[in-house]
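The values are calculated or read from the model by the stated rules, or taken from the named source; none is laboratory data. Computed from a predicted structure; not experimentally measured. A quick note on method: Cβ atoms are made from the backbone with ideal geometry, for glycine too, and the neighbour counts reach across all protein chains shown. These accessible areas exclude ligands, DNA and RNA; they are computed on the full protein's heavy atoms, side chains included. Shrake-Rupley method; radii C 1.70, N 1.55, O 1.52, S 1.80 Å.
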Amino acid sequence: MERPEQGLGEPGSHSRANGCSLMGHGALRNGYVRGLLEAETQIHHIAHNGGLYKRPFNEVFEETPMLVAVLTYVGYGVLTLFGYLRDFLRHWKIEKCHHASEREEQKDFVPLYQDFENFYTRNLYMRIRDSWNRPICSVPGAKVDMMERLSQDYNWTFVYTGRVIKDVINMGSYNYLGFAQNTGICKEAAAKVLTQYGAGVCSTRQEMGNLDKHEELEKLVARFLGVEAAMTYGMGFSTNSMNIPALVGKGCLILSDELNHASLVLGARLSGATIRIFKHNNMQSLEKLLKDAIVHGQPRTRRPWKKILILVEGIYSMEGSIVRLPEVIALKKKYKSYLYLDEAHSIGALGLTGRGVVEYFGLNPEDVDVMMGTFTKAFGAAGGYIGGKKELIDYLRTHSHSAVYATSLSPPVMEQILTSMKCIMGEDGTTFGKECVQQLAENTRYFRRRLKEMGFIIYGNEDSPVVPLMLYMPAKIGAFGREMLKRKIGVVVVGFPATPIIESRARFCVSAAHTKEMLDTVLKELDEIGDLLQLKYSRHRLVPLLDRPFDETTYEETED
């Protein structure tokens, strides 16, 4: 699959990092030299929809080398064959069985789960299970302390040694602006509120759980986003999964990007609406579905759809790509549909002042009908929010399950959000928040550029702090994670089914808290591991996205 470089903007324009010019010369705060980035800005852009984009839009999805793809499939094939052999040996009691199974007295019952459904977990995932769920015992900042664990039975069980691995460079947390720390004004403010209000609310907003802090936070969020009103929730996942069913239902149509987060997928399914999938960030695919929806209407009856809702994310957390928001908004207006934007990873991390993908593209917040985001990443807290028109928020206060039945945000968490958001906005009287936003942009550009120079295949937009580095082969998933931990670097490795079967990857999350020395240490070790595991696959074969053949394949869910 070829998903290469996209460049949409006015000819002759220069690349920017989160809206901040990089064309001048001089040192930046962490010791970068702007002149080093100048070579990367000499990119030929495609003059397509130039009026919609006020800045260059550059994304890279390099083609998977054919030999690598073949070897990856062979690797999974060998693992599957040995899995069937081991299951045969377990069946005849030749090999000890560790996995969960029905008790002997339940053999005549209808099985609680099909044994084959656990095949992947038993025989593939278990081999590299030590790469996940690693327990840390410190603040999830730029460096973390990690508990050491060993397995004597090939990752079925783990034993903790009691030893702590100190100062592991954290390249896996979503701590984009560095607010997840136990020092500074956020910690002091949260500690003070904890003393005054306690740790929990113990009630819902509609009962006895509506504090003055909730009202203050919602007004601040609305002002931060530039919308009429906002509502906050105690959990980011439920913000999507419980609010989408409140907005659409039977007789409505949801058009969802194929790479949307599981919370969006669950919310869409719970709504009872018909779901159709468009290709990732492919505006041709989206427009075709919109045209078909309006021309043909609902299945069988051919009545017009009650509502058409487009679901997209700001930054896609597995791809590192940024939504083509100007084009999505243009299509939304053209076909009179609604837009639901999930800014979980983009709010605080994109835009000149950290106001997300809407600011990144210089758009009007009023053009997005439902602005959703979370406080779990750039703000270093927990929970989520929805912003929009006052009528929308008033409706959700009485119709959203997450608002009516869920316990509201705890006071210390709210104070963490309030303090960090005011810091980003500059209302704390300092420029620290703005410097963090700029530092994240600089770190992101530097880290991505160096990885490309080394020959790794990395996905996504050049301004995205989510940096997927492609591993492909199943054996290299575990090997990469273990080698990085040996060098005291914590990373997240991801494989099937969270990604396509031939697109396993390591996902780095860059933070403003990372110093240049930390990033250089990580890059040095990556260079060695890339040679050791032969991960430098890049051939730099990039072609414009618009030259790709259009695939009209869609997926539909109905009540039939």
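So here's what we get for this one:
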| quantity | calculated |
| --- | --- |
| Accessible-area order (highest first, 1.4 angstrom probe) of the listed residues K107, K488 | K107, K488 |
| Residues in region 132-168 that a label on A199 would reach, taking backbone N under 19 Å of a point 7 Å out along Cα→Cβ | 136-140 |
| Inter-probe distance in nm under a simple model that places probes 7 Å from Cα toward Cβ, at I94 and I294 | 6.4 |
| Surface accessible to a 1.4 Å probe, D108 within the full protein complex, Å² | 150 |
| Computed accessible area, Y174, all protein chains, 1.4 angstrom probe, square angstrom | 70 |
| Selection from Y76, L396, G348, by position along the positive dipole direction of the chain (Cβ) | Y76 |
| Cβ crowding within 10 Å averaged over residues, with 148-154, 76-82 ranked highest first | 76-82, 148-154 |
| DSSP bridge orientation in the chain - percent antiparallel, rounded to nearest 5 | 65 |
| Placed amide H near V492: partners under 5 Å, 5+ positions off or other chain | R507 |
| Amide H partners (placed H, <5 Å) of I310, local residues excluded | L255, Y338, L339, Y340 |
| J(HN,Hα) series, region 188-200, from Karplus relation 6.51 cos²θ - 1.76 cosθ + 1.60, nearest Hz, glycine and proline x | 5, 5, 5, 5, 5, 5, 4, 5, 7, 9, x, 8, x |
| Region 419-449 residues near the modelled I185 label - backbone nitrogen below 12 Å, point 7 Å along Cα→Cβ | 419-435 |
| Solvent-accessible area per residue, Å², over the chain with all protein chains present [probe radius 1.4 Å] | 45 |
| Rg(Cα) / (2.2 N^0.38 Å) computed for region 60-149, rounded to two decimals | 1.57 |
| Sequence-distant lysines (8 or more away, or on other chains) whose Cα lies within less than 24 Å of K96 | K107 |
| Computed lengthening from E453 to N133, 0.36 nm per intervening residue step minus Cα-Cα distance | 112.0 nm |
| The chain - mean residue ellipticity at 222 nm from DSSP helices (-39,500 (n - 2.57) per run, n ≥ 4, rounded to 500) | -11000 deg cm²/dmol |
| Taking the chain and dividing mean pair separation by its residue count, relative contact order in percent (alpha carbons under 8 Å, at least six apart) | 20 |
| Inter-part distance where region 110-148 and region 315-339 are each reduced to a Cα centre, Å | 34 |
| Relative contact order (percent, whole number), region 406-491, Cα cutoff 8 Å, 6+ residue spacing | 13 |
| Above-threshold pairs, the threshold being 32 Å between Cα atoms, out of K219/K288; K422/K476; K377/K452; K192/K488 | K219/K288; K422/K476; K192/K488 |
| Distant-in-sequence amide H partners of T407 (H built 1.01 Å from N, under 5 Å) | none |
| Sequence of C186, C137, C202 when ordered by accessible area, the most exposed leading, probe 1.4 angstrom | C202, C137, C186 |
| Relative contact order for region 340-402, counting Cα pairs under 8 Å that sit 6 or more residues apart, in percent | 28 |
| Area of M231 that stays accessible when all protein chains are in place (1.4 Å probe, Å², to 10) | 10 |
